[in-house]
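Some notes on the structure that comes next.
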């Protein structure tokens, strides 16, 4: 699996997602511009000592990231509030890309319109809550995708 953070802004969120990716052997893609330097101590603290176990890539922009996907096996899933489908209503496959946007603004509207068929939402039940934490969202959706794949590759040691 792949998690894509499009222009992440908050170092501890990215560090927590990096830790999640390391623990699940998920590739992390960071799409610039980033709201922090990669040597940020908060980023490293949240990721703890997992960075050495993490497979990750950095992209200059969304276009470069998309060009790298080419005709590979993975499909792009955009996770953002307001999506027409619930994240648990789709069938994930190995190699899919789970895309999350900036903490303050989410994913850009034009991107969501362009990929409306792959725009997914996480259900929320209180109108006054506009969003969930980025790392929590990544965990929810990634573990649903892994569950659907019977947690293939799990280490039982």
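Of everything in segment 115-141, what is part of a loop (DSSP other than H, G, I, E, B), touching a residue at least 24 places away in the same chain (Cβ under 8 Å) and within 21 Å of residue 19 (Cα to Cα)? Give them in sequence order. Lay out the reasoning, then the answer.
Within segment 115-141, the subset part of a loop (DSSP other than H, G, I, E, B) is 115, 122-133.
Next cut, touching a residue at least 24 places away in the same chain (Cβ under 8 Å) only: 115, 122-124, 130-131, 133.
Scanning segment 115-141 gives a single hit, 133.
Within segment 144-157, which residues are on the phi < 0 side of the Ramachandran plot and in contact (Cβ under 8 Å) with a residue 40 or more places away in the chain? Step through it out loud before you land on a result.
Initially, segment 144-157 is screened for residues on the phi < 0 side of the Ramachandran plot, giving 144-149, 152, 154-157.
Across segment 144-157, the qualifying residues are 144, 145, 146, 148, 149, 152.
Would you be able to tell me the number of residues in segment 120-131 that are in contact with a strand residue (DSSP E or B) (Cβ under 8 Å, 6 or more places away or on another chain) and loosely packed, with under 10 Cβ neighbours inside 10 Å? Break it down into steps so the answer makes sense when it comes.
First, the residues of segment 120-131 that are in contact with a strand residue (DSSP E or B) (Cβ under 8 Å, 6 or more places away or on another chain): 120-123, 131.
With loosely packed, with under 10 Cβ neighbours inside 10 Å added as a condition, the list becomes 123.
Matching residues across segment 120-131 total 1.
Quick grid of which residues meet (1) within 16 Å of the chain's Cα centre (by Cα); (2) modelled with pLDDT of 95 or more; (3) over 28 Å from residue 153 (Cβ atoms); (4) surrounded by 12 or more Cβ atoms within 10 Å (Cβ to Cβ):
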residue: 81; (1), (2), (3), (4): yes, no, yes, yes
residue: 85; (1), (2), (3), (4): no, yes, no, yes
residue: 91; (1), (2), (3), (4): no, yes, no, no
residue: 95; (1), (2), (3), (4): yes, no, no, yes
residue: 99; (1), (2), (3), (4): yes, yes, no, yes
residue: 104; (1), (2), (3), (4): yes, no, yes, no
residue: 108; (1), (2), (3), (4): yes, yes, yes, yes
residue: 112; (1), (2), (3), (4): yes, yes, yes, yes
residue: 118; (1), (2), (3), (4): yes, yes, no, yes
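The values are calculated or read from the model by the stated rules, or taken from the named source; none is laboratory data. Here the structure is a predicted model, which is why all the values come from computation and not from measurement. No Cβ is skipped: glycine too gets one built from the backbone with ideal geometry, and neighbour counts run over all protein chains shown.
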